[in-house]
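Notes for the one structure printed next.
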Amino acid sequence: MSEAWLRPGAFGVKRLWRATINSWNGLLAAAQTERAFREELLALAIGIPLAFFLTADGGKRLALIGTLLVILIVELLNTAIEKLSDRVSSDHDLALKRVKDMGSAAILLSLLLAGTVWLWVAIERFWPAPS
């Protein structure tokens, strides 16, 4: 078993700060280069106040905003896969195409999840069940 976790500074503030900077740089890179990511950030910016309008229930708000964050997470992972695939080979490679298609499918599923949750909460808000 590795003893790397015992190394001084392995869990220190400095390491945490560097990790935060790296994450911020990744978010900036995605926002600067990926149109889909910018569109999804806009959806999040609109979705946060809309979630507060649609429901007073904290759990439902969390679900609404959480699904938008899931889309961003999946988009970041998909973008990383695509960029790495393009870096590995610029040739038409069926295996890499399948990998990219799987990333795209993950985006589709995250969008379907978000759409379903948002539709469920909107229906409850505007067409409540009869008492």
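A few notes on this one:
- Residue among A45, A19, A56, A29 that alone is outside any helix (DSSP H, G or I), out of contact with any helix residue (DSSP H, G or I) (no Cβ under 7 Å at 6 or more places or on another chain) and on the phi < 0 side of the Ramachandran plot: A56
- Failed item, numbered, when E124 is tested on (1) surrounded by fewer than 17 Cβ atoms within 10 Å (Cβ to Cβ); (2) under 21 Å from L27 (Cβ atoms): (2)
- Given (1) among the aliphatic types (A, V, I, L, M); (2) in a helix (DSSP H, G or I); (3) more than 20 Å from S110 (Cβ to Cβ), number of the condition I71 does not satisfy: (3)
A quick yes/no check of all residues on (1) charged (D, E, K, R); (2) open to solvent by less than 50 Å² (accessible area, probe 1.4 Å); (3) modelled with pLDDT under 95:
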site	(1), (2), (3)
A10	no, yes, yes
A19	no, yes, yes
Q32	no, no, no
A43	no, yes, no
T67	no, yes, no
E75	yes, yes, no
N78	no, yes, no
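- Single condition S104 does not satisfy, out of (1) under 11 Å from the mean Cα position of the chain (by Cα); (2) in contact (Cβ under 8 Å) with a residue 24 or more places away in the chain: (1)
The values are calculated or read from the model by the stated rules, or taken from the named source; none is laboratory data. What you see is a predicted model; the values in this text were computed from it and never measured. All Cβ positions, even for glycine, are placed from backbone atoms using ideal geometry, and neighbour counts span all protein chains on display. Heads up: the accessible areas ignore ligands, DNA and RNA and are worked out on the full protein's heavy atoms, side chains in. Shrake-Rupley method; radii C 1.70, N 1.55, O 1.52, S 1.80 Å.
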